[in-house]
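Visitor: The following block contains the structure, expressed as structure tokens.
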Amino acid sequence: MKKILPLKPKDSRSWRDSYYHKLLGLKAAKEIERVLPIFEKEMPNDDRPRKAMEAIRDWAQGKRELGMAEVRKLSLGSHAAARGVKTDAAKFVAHAAGQAVGTWHVPTHALGAFGYAGRAFVANKNKK
């Protein structure tokens, strides 16, 4: 028996702002929020990962509009913040936030956010 799959959206406008797209963004934001204190303890004056997390969370909750230029700036800023830290745990948090905000552009970036957040959690636990 042939399995019938749903049609793949032809472009990003076909799925952007869908329930599942926003759900992935919200889940990614919540995961970052859980590990963000690791980064902020090491870099209390660098708010780039927090701004990235807040942007995707607020978009997912319908409180904010985002565009590609802003998402790119937030994502690249968060990834750049990873270069300024000393610990792997803090580096993984910054990368996780950069991936999370990228979920607006490509929903599967949420998977990168989850992966990096998990690595941050493990790295932080292992350093204690």
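Visitor: Quick check on my filter: what residues within region 70-100 are assigned to a loop (DSSP other than H, G, I, E, B) and either of a type in the set (V, I, T) or buried (at least 19 other Cβ atoms within 10 Å of the Cβ) (or both)?
Guide: The first filter runs over region 70-100 and keeps only residues assigned to a loop (DSSP other than H, G, I, E, B), leaving 83-87.
Answer for region 70-100, where residues must be assigned to a loop (DSSP other than H, G, I, E, B) and either of a type in the set (V, I, T) or buried (at least 19 other Cβ atoms within 10 Å of the Cβ) (or both): V85, T87.
Visitor: Please find, within region 101-128, the residue that is surrounded by the most Cβ atoms within 10 Å (Cβ to Cβ) out of those that are in contact with a His (Cβ under 7 Å, 6 or more places away or on another chain) and touching a residue at least 60 places away in the same chain (Cβ under 8 Å).
Guide: To start, the set of residues in region 101-128 that are in contact with a His (Cβ under 7 Å, 6 or more places away or on another chain) comprises 102-103, 107, 116.
This time we only want the ones that are touching a residue at least 60 places away in the same chain (Cβ under 8 Å), so: 103, 107.
On the way: T103: 27, P107: 20.
The extreme case among them is T103.
Visitor: Do we find that K30 is surrounded by 14 or more Cβ atoms within 10 Å (Cβ to Cβ), basic (K, R) and over 19 Å from A120 (Cβ atoms) in this structure? If you could, list the steps in order and put the result at the bottom.
Guide: Details: surrounded by 14 or more Cβ atoms within 10 Å (Cβ to Cβ): yes; basic (K, R): yes; over 19 Å from A120 (Cβ atoms): no.
For K30, the condition - surrounded by 14 or more Cβ atoms within 10 Å (Cβ to Cβ), basic (K, R) and over 19 Å from A120 (Cβ atoms) - is not met.
Visitor: Return the residues of region 17-32 that are without any contact (Cβ under 8 Å) to a residue 60 or more places away in the chain and over 10 Å from the mean Cα position of the chain (by Cα); say none if nothing qualifies. Even if it seems obvious, please write down each step before you answer.
Guide: From region 17-32, those without any contact (Cβ under 8 Å) to a residue 60 or more places away in the chain are 17-19, 22-23, 26, 30; that's our starting set.
D17, S18, Y19, K22, L23, listed by residue number.
No lab work stands behind these numbers, since they all come straight from the coordinates. All values reported here derive from a predicted model rather than from experimental measurement. For neighbour counting, all protein chains shown are included, and Cβ atoms are generated from backbone atoms with ideal geometry for every residue, glycine included.
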